[in-house]
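Q: Structure below; questions to follow.
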Amino acid sequence: MTNDLSAREPVAFALRLVSDPCFYGVIVCNIAGLVLLQNSFNAARGIIVMPLSSALSNIVAIVGGMAAFAEHLPGNRTAAAMRIIAFLLTVAGSALLTDSRAVAVQPVAPRFEST
């Protein structure tokens with residue numbers, strides 16, 4: 001895959017890209033995901049939808065990257081456990097960052113002083 005991305009002939013790479021059905025599958029899935037996300041914003045409260053969307057986008061990227069680059073967990077149990085914990089912390093951190101209850105800012109009403 002790296003050889004394809006660093007091809008010396010960009011026209012040949014572009015032709016290989018547009019002839020691959022996965023390319024069109026990715027486009028269709030991204031559009032479908034955008035439509036589903038917008039519908040969930042319309043149907044549910046954002047406080048519920050955003051953490052789920054953020055966590056799922058990280059899960060898809062991590063698992064997709066492992067599948068695309070044929071990565072496996074390390075053979076060492078400690079290294080494998082650390083990688084799994086890092087994945088879980090990444091997903092949990094992104095969900096926590098989108099939680100608006102953690103940082104609730106109350107608007108301040110303007111004060112008018114009488115003279």
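Coordinate-derived values only; no laboratory data. Since the structure is predicted, the reported quantities are computational estimates derived from the model, not experimental observations. Heads up, the Cβs are rebuilt from the backbone with ideal geometry, glycines too, and the neighbour counts pull from every protein chain shown.
Q: Pairs under 8 Å by beta carbon, first residue closer than 21 Å to Gly25 by Cβ in region 64-85, partner of a type in the set (A, V, I, L, M), six or more apart or different chains?
A: Cβ pairs passing all conditions: Ala68/Met1; Phe69/Met1.
Q: Restricting to region 63-81, give me the number of residues that are assigned to a helix (DSSP H, G or I) and loosely packed, with under 14 Cβ neighbours inside 10 Å.
A: So the count comes out to 10.
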